[in-house]
Amino acid sequence: MRIQRAIVGVVLLLLAGRMEPALNDPLKAVFTERNSEKAWRLEELGSDLPADWTGYEYLVLEMKASSPQRFSLWIHTAEGKRRLMIHPLGQGVWMRASVPLRFFRGRDRQGMDLASANNRRTDAYWMGVWGPFGDLKNVRALSVAMDYPLNAPSLEIRSLALAKEDAGSEFLEGRPVLDEFSQWAAGDWPRKVRSREQLEREGAAEALALAENKAPKVGRFGGFLGTKVEATGYFRVTRIDRRWWFVDPEGHLFLSTGANGIRGESGPDGQSLLARRMKAWGLNTIGNWSGFRPTSEEYRKAYVTTLGLPRTEPLYLGMPDVYSPDYVRAVEEAAAKQFSPLQDDPWLLGYFLGNEPPWPGREGEVVEMFLQGPETATKTALRAYLAQGDTPERRVRFVHGMFEAYLDLMGRAVRKADPYHLNLGIRFGGIPAEPILKLGRMFDVCSLNVYEYEPTAALKRFYEVTGRPLLIGEFHFGVPADGLGAGLVQTADQTERAKGYRYYMEQAAALPCFVGAHWFQWTDEPVLGRRDGENYNIGFVDVMNRPYPELVQAARKTHDRLAAIHAGRLSPFGQRPLASTHGTPNSPWD
């Protein structure tokens, strides 16, 4: 079989216009230090490998990773370093990775939000396109690096070549990579499901525990009993003693705790289970991207939704032809269709206008895309604006003006369709520049997605600029284990992930601006990745619908304390989670 695979590999090399494999000897890196990197000079990679990679489109590797932990693939040139983040979709098996060199040279211009603009998947791995970028004219070395490795993971590379065409990315060992439970077949771990009988036993034990659970007593809509302010029949926000709160439709103070991506289980028994879990775990809100909409009064929860906009062309990094009268009408029609039926629903917490605009910092690219694209109302307005002075600063200001018009258009359209519910804003990713932050003053609540170990710096900055109550739309911690990647913020194990939840939520809740936070997401992502490749261990439950007990217990403890912490009567949990045995960084993306 090994000889047959070698023959197939040679055929693929010829078809792809690829050089002969350039390795003198197999390469191996073992990551043991807090910041581990292994580098090879160009001459160590093979005598036939050129220094100028300009004429090539792919770096084709045959590699095997012992862990699903992501690593950086660096190309060192005389002019600087270029990077691509590699996230293996498997572990312990050989794969071919046909890595596009264009992602070392720069981003492409596709995508609606940060994930779709920066994540690129293949059948064997996926990439995070974050840079730094540059040309590949004078390559001197190649290196692989990993931050906060767990359990001394290794990476082996047995062939390396340049190609002008895609040689394909796939697992090479010809066996099923998933088992009957959609788990990674080649690995083993303590939680791995071995039989359906095991699932039935664990399900029965959980059902018994849920039946015995004494959930905290809250009002009909999840608000804190013992608190009472003016009730309007809808969710609203108020400020008491300089601290912001949601107010539920009955007038009880409310802090939103939820999870994104809660899918409706099949049948009434499945919906009973979801509702009982949320109640027992102290989750009072069905977060974004969720299909769970129970109609029974017994199971209902507060929920959020996002304005679904028409996918009109052109659409550049999420920015539409905002000055077009046709687009204005399309937004108004979409808002009326989506929100007019919801205007009398007291369970709707509020609506988001969008998710993680990817263009901040790329305003110049947006301008070029409009100028190079078809004739549009925005292109006409842009030309007139630049005729009065064309500088990089003016181009940035034009895009910011577009964005303000875009938010105003959506806000007015939804308010016309539904005058009663909260505008939760657009879910910012990262901390954009101050002119963009200031636009958060347009919303009832300003929403942001903060992927850090501690969100307080981001929350304070947003509040300083906007003065609005703040809702965290997404956060999570993950572990590179059980055949899955770590997520955007890594912890050393499930115990540390649980600490991460408590520390993050309680530190945030201690701030006067905080009104809630939603975990991303309810269920682990698939082993072989979702549409953009992400395969993270970030769920309250795994892909077999089994809860992670450490995370569940941590959430229950924190949610029981949240109101008192926010009111200033309790101090927040103070133990920072460990990213690995080497300690805790501020962020894995620093």
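For the chain, take the longest principal axis of its alpha carbons; what is the angle in degrees between that and the long axis of helix 392-417, to the nearest 10 within 0 to 90?
Here the helix axis deviates by roughly 40 degrees.
What is the helix-to-structure angle for 325-339, meaning the angle in degrees between its Cα long axis and the longest Cα principal axis of the chain, kept from 0 to 90 and rounded to the nearest 10?
60
In nm, give the distance between the simple-model label positions of ALA387 and ARG530, each being 7 Å from the Cα along the Cα-to-Cβ direction.
The modelled label-to-label distance comes out at 4.5 nm.
Between [x] 25.5, 77; [y] 28.3, 100; [z] 26.2, 94, which matches Rg and Dmax of the Cα atoms in Å calculated for the structure shown?
[x]
With a cut-off of at most 16 other beta carbons within 10 Å, and DSSP calling the residue loop, which GluC sites (Glu not before Pro) in segment 278-335 qualify? Please list them.
Filter output for segment 278-335: GLU297, GLU298.
What list of whole percents do you get for P(r) of segment 223-567, with Cα-Cα distances grouped in 10 Å bins up to the one holding the largest distance?
The percentages, shortest bin first, are 5, 24, 32, 25, 11, 3, 0.
Distance cut-off 29 Å, Cα to Cα: go down the list LYS81/LYS460; LYS64/LYS499; LYS81/LYS438; LYS217/LYS438; LYS28/LYS81; LYS217/LYS499 and report the pairs above it.
LYS81/LYS460; LYS64/LYS499; LYS81/LYS438; LYS217/LYS438
Counting only residues 5 or more places away or on other chains, whose amide H sits under 5 Å from the amide H of THR77 once H atoms are built in the peptide plane?
HN-HN under 5 Å from THR77: ARG82, ARG140.
So how tilted is helix 196-212 from the main axis of the chain? Cα-based, degrees 0 to 90, rounded to 10.
Taking the Cα atoms of the chain, the angle to 196-212 is about 30 degrees.
Given axes a ≥ b ≥ c from the Cα gyration tensor, I'd like to know whether segment 2-171 is rounded (a/c under 1.5), prolate (a/b larger than b/c) or oblate.
rounded
Quick one: net charge of PRO512's neighbours, Cβ under 13 Å, K/R +1, D/E -1?
+3
Under 11 Å from a label point 7 Å along Cα→Cβ of ALA377: give me every residue in segment 295-326 with its amide N that close.
Zone members listed by number: 321-326.
Starting from segment 347-430, pick out the GluC sites (Glu not before Pro) whose DSSP state is loop and whose Cβ has at most 14 other Cβ atoms within 10 Å.
Taking segment 347-430 and a limit of 14 other Cβ atoms within 10 Å, the loop GluC sites (Glu not before Pro) found are GLU375.
Values in this text are rule-based calculations from the coordinates and carry no lab data. No experiment lies behind these values; they were computed from the predicted model shown. Every residue, glycine among them, receives a Cβ derived from its backbone with ideal geometry; neighbour counts consider all protein chains shown.
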